[in-house]
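The values are calculated or read from the model by the stated rules, or taken from the named source; none is laboratory data. Everything numeric in this text was worked out from a predicted model, so none of it was measured. Neighbour counts are summed over all protein chains in view; Cβ atoms, including those assigned to glycine, are modelled from backbone coordinates with ideal geometry.
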Amino acid sequence: MFADHPLSGNANPGTRHDYYERQKYLFAMVFVVVSIVPLLFLNYNASRFYQDSWIENISRELATLGADRREIIDRFLVTQENQLAGFMSLYKPEGLADNKRLELLLKALNSSGVITDLGVIDRKGRHLAYHGAFAKELAGKNYAATEWFAEVMNAGRHVSDVFGGYRQVPHITVAVADADRSLILRATIDLGKFFGLLKTANVGPEGDVFIINRRGELQTPSRLDRTGVTPDELVLFRTLAENNGATRHDKDRIYCATYLNGGQWLLVLENNMEASLASYHEARRLDTVRLAIATAVIILVAILLTYSMVGRLSRADRERSILTSHVGEVEKMALIGRLAASVAHEINNPLQLILGQAGLMSDLMESEDPGKVLYLNDYRKAIDKIRTQIGRAGTITRRLLGFSRAADGSFVDTDVNQAVEETVSLFEHEARRHRIVLVRHYQEGLPTVLNDPAQLQQVVLNVLHNAMDAIGQDGTIEISSRIARDRIIVDFADSGPGLTQEVMDHLYDPFFTTKPKGKGTGLGMYVSRDIMTRIGGELIASNRDSGGAIFSLRLPLSGVDYEKLTRLAFSY
Ligand code: ADP
Ligand code: MG
């Protein structure tokens, strides 16, 4: 991932920036993929699992509903049969076959209005007695040829399908025969009451519950207005009923079927899958919203984390490269310092020798006879010139030696005026060449401060360089020192163009320069401010009212706060 790390090659700041942009993107992507993909996978699995268990749930509910209804309806029918059987056993055959008796019985039986009429039929199928609304239609009828009559003579009991019968009105009859099959008591069940047993089954607005007979004919109305069932459905319902009221579902509907009335009927319950899964879908929708929020949070965290992480990395990287170049700068200065020191040393010896010889010549000249030496005065002048020039050369070498202390990096009692002047004087020649006047206003008698003069000199060097560059040709640089409360201030005021707002904003930024390529490094002010902080001082830039810039170096009189310096030194 880091194969193209910028520090492993000669990357310039542009490609370095691109590199970190790419890293940001890559990190964010990896973070998102690594956290969201498992989340989506889990969510998918969970949703499959929940759907399955949800369907299992609604299947179980439907099956329970079916079993309950079967129990209710079967008990209802058995209750009717048992009541009739009870009456049969109470009365002798001839006592029962009497309209008046039937009327009394019906009254006694029928507090709930389930049975609408009663009839007594003998073993030949003759209608012996009747009480109910259809007395006229049924008078004198013979049932010997009907299906239900055959059934009741055979099994002793029978519940009919819904049929028209002799009255051409749909009804169900319950018939019970006595033990020796001499007499049959038959009752008609109120269809409204019977259908009511299904109406209360709670299958929901899109569900249906109905009863069919073995041939698939509807015995009760269907809520969804079915007119019958298809042969395929009939096969399915039979299979479900044979499996003890099992359920089956396809994409659209779910079914449950169970046998009723001793296998004569099929109770069918069905429901719409969509409606049954409504609350499941609602839960899924909520889950999806939660998932979306979680995903958004993850992406946000990923972006924030990567940006702060990569940002920190790139900052550290930049600081390291600045430090590297800073160290290079300091090393360069130290090297120049050492070089200057050795050159000064080497030159000083022959100079002293020449001075000695000049002294000797001067002494010898005194003992000459003035009358015999033709150009005695000229010799004396020449020797004086040699002495003066050697004196000048000596000053320069001393200054060079002073500057060489830059390599020491140690804190000593420092005469600030002297330290500044040592550097300023090095610019004398250069300044003259550009017709720039260096004006000194050193305050006399400043106290010494405990500091590192070499470091201070490097700052002076940088500030003077900039001032000369800013002026170009013809101008002045005023150097002044003074004591103000607890510190010594050295100002460098130039007659250049001054500092624009843009320069002010970025003056101390590393690599900020307005100079042409090759001339400016943009490190001078960055390094200078850094040095000033390290030696416990300050560097402040401003503009003069009369135009031009002022760079103000401020050093504490109290010397150096070593604890603070140590902290600063270790902050890198
Ligand atoms: P460099 O000298 O290599 O450009 P510096 O950090 O020393 O870098 O200075 C940064 C910039 O500050 C310079 O390029 C220049 O634009 C501005 N600057 C510094 N000193 C002066 C000054 N005395 N007058 C005007 N501009 C200055
Ligand atoms: Mg500079």
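Do you know which residues across the range 71-109 are closer than 29 Å to L198 by Cα and acidic (D, E)?
Once the filter is applied, which keeps residues that are closer than 29 Å to L198 by Cα and acidic (D, E), the range 71-109 yields E71, D74, E81.
Quick one: R567 ticks every box in (1) near ligand 1 (Cβ under 10 Å from one of its atoms); (2) part of a helix (DSSP H, G or I); (3) modelled with pLDDT under 90; (4) charged (D, E, K, R) bar one, so which box is it?
Every listed condition holds for R567 apart from (1).
Conditions (1) of a type in the set (D, E); (2) not assigned by TED's automatic domain parsing to the domain that holds H131, marked per residue:
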{"position": "A187", "(1), (2)": "no, no"}
{"position": "N202", "(1), (2)": "no, yes"}
{"position": "D208", "(1), (2)": "yes, yes"}
{"position": "I211", "(1), (2)": "no, yes"}
{"position": "R214", "(1), (2)": "no, yes"}
{"position": "E217", "(1), (2)": "yes, yes"}
{"position": "D225", "(1), (2)": "yes, yes"}
{"position": "G228", "(1), (2)": "no, yes"}
{"position": "D232", "(1), (2)": "yes, yes"}
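Specify which of the listed residues (Q458, Q443, Q418) is within 58 Å of the chain's Cα centre (by Cα) and either away from ligand 1 (no atom under 16 Å from the Cβ) or under 27 Å from Y526 (Cβ atoms) (or both).
Only one candidate qualifies: Q458.
Could you check the range 506-522 and list, in sequence order, the residues that are under 40 Å from the mean Cα position of the chain (by Cα) and more than 6 Å from ligand 1 (Cβ to nearest atom)?
Within the range 506-522, H506, Y508, D509, P510, F511 qualify.
List the pairs whose first member sits in the range 459-483 and is in the same structural domain as G498 (by TED's automatic domain parsing) and over 13 Å from G548 (Cβ atoms), whose second member is within 11 Å of ligand 2 (Cβ to nearest atom) and part of a helix (DSSP H, G or I), and whose Cβ atoms are under 6 Å apart, counting only residues at least 6 apart or on separate chains?
Close Cβ pairs satisfying both conditions: V459/S528; N462/G524; N462/S528.
Could you list all residues from the range 466-484 that are more than 7 Å from ligand 1 (Cβ to nearest atom) and surrounded by 15 or more Cβ atoms within 10 Å (Cβ to Cβ)?
Result: M468, I471, G475, T476, I477, E478, I479, S480, S481.
Tell me which strands (runs of 3 or more DSSP E) are completely within the range 193-311 and hold 3 or more residues being closer than 30 Å to E81 by Cβ, of a type in the set (A, V, I, L, M) and touching a residue at least 12 places away in the same chain (Cβ under 8 Å), or say none if there are none.
Output list reads 208-213, 265-272.
R487 - would you say it is more than 26 Å from S325 (Cβ to Cβ), of a type outside the set (A, V, I, L, M) and either surrounded by 15 or more Cβ atoms within 10 Å (Cβ to Cβ) or away from ligand 1 (no atom under 11 Å from the Cβ) (or both)?
Numbers: more than 26 Å from S325 (Cβ to Cβ): yes; of a type outside the set (A, V, I, L, M): yes; either surrounded by 15 or more Cβ atoms within 10 Å (Cβ to Cβ) or away from ligand 1 (no atom under 11 Å from the Cβ) (or both): yes.
Here the answer is yes, as R487 does meet what is asked.
Could you list, in sequence order, all residues of the range 425-440 that are at pLDDT 95 or above and away from ligand 1 (no atom under 15 Å from the Cβ)?
R435, V437, V439, R440 - these are the residues of the range 425-440 that are at pLDDT 95 or above and away from ligand 1 (no atom under 15 Å from the Cβ).
Using the structure shown, decide if G359 is over 30 Å from I531 (Cβ atoms), modelled with pLDDT of 85 or more and not β-branched (V, I, T). Spell out the reasoning first.
On the way: over 30 Å from I531 (Cβ atoms): yes; modelled with pLDDT of 85 or more: yes; not β-branched (V, I, T): yes.
When the stated conditions are applied, G359 passes them.
Residue under question is V268, and the condition is that it be touching an Asp or Glu at 6+ places or on another chain (Cβ under 9 Å) and under 30 Å from R226 (Cβ atoms); does it hold?
Judged against the criteria, V268 is a match.
Residues are listed down the side, and each one gets a yes or a no for (1) under 25 Å from Q264 (Cα atoms); (2) surrounded by 19 or more Cβ atoms within 10 Å (Cβ to Cβ):
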{"position": "Y91", "(1), (2)": "no, no"}
{"position": "G113", "(1), (2)": "yes, no"}
{"position": "Y130", "(1), (2)": "no, yes"}
{"position": "A135", "(1), (2)": "no, no"}
{"position": "G140", "(1), (2)": "no, no"}
{"position": "V159", "(1), (2)": "yes, yes"}
{"position": "L183", "(1), (2)": "yes, yes"}
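Going by the structure shown, is V503 closer than 26 Å to K332 by Cα, within 12 Å of ligand 1 (Cβ to nearest atom) and either in the same structural domain as T414 (by TED's automatic domain parsing) or not β-branched (V, I, T) (or both)?
Considered against the rule, which asks whether it is closer than 26 Å to K332 by Cα, within 12 Å of ligand 1 (Cβ to nearest atom) and either in the same structural domain as T414 (by TED's automatic domain parsing) or not β-branched (V, I, T) (or both), V503 comes out as no.
Is there any pair with a first residue in the range 417-439 that is more than 13 Å from I396 (Cβ to Cβ) and a second that is of a type in the set (G, A, S) and in a helix (DSSP H, G or I) whose Cβ atoms are under 6 Å apart and which are 6 or more apart or on different chains, and what are they?
Qualifying pairs under 6 Å: L438/A431.
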